[in-house]
């Protein structure tokens, strides 16, 4: 019984340490530790603020409203990324997108706060964080998947 209790304690501590480590490393250069923080405004204020801008990242913006996301989808493939600050998988995907986002080309990633946008989640059938949903210019769902980082995005995004 003591061995089982000790093993459980080690597992909990390891999980917490991993989550903290991922959140710190996902903050990246110029980040604040919160994925919803912004440090620079984009040229188009309707789109929102760029998220943790860095020279090597693809275009990432913070979700403001569905109309702005649809406007982006008129111009290029657009993917809503339902993410949470507390989610180590989300943080890992953001870190990977920051490091390799230039590979995304013209694909726009719109980061949606999983904890705040409940109606949008219902509209797209999102039930867990770390969910990607590609939309078209009308806001229709073209596809959805969980996790995968840049490779997942590139392999699943429909180009039109």
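Just so it is clear, none of the values below were taken in a lab; they were calculated from the coordinates. These numbers were taken from a predicted model, which means no experiment stands behind them. For neighbour counting, all protein chains shown are included, and Cβ atoms are generated from backbone atoms with ideal geometry for every residue, glycine included.
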Problem set entry | Cα→Cβ-extended label distance, 7 Å offset, between residue 158 and residue 102, nm | 3.1
Seminar exercise, completed: When 85, 115 are arranged by how many other beta-carbons sit within 10 Å of their Cβ, fewest first, they go 115, 85
Exercise. If you rank 59, 103 by fewest surrounding Cβ atoms within 10 Å, what's the result?
Worked result: 103, 59
For this session: Rank the residues 67, 121 as a footprinting-exposure proxy: fewest other Cβ atoms within 10 Å of their Cβ go first.
Result: 67, 121
Seminar exercise, completed: So, with points 7 Å from each Cα along the Cβ direction, the residue 65-residue 136 label distance in nm works out to 2.4
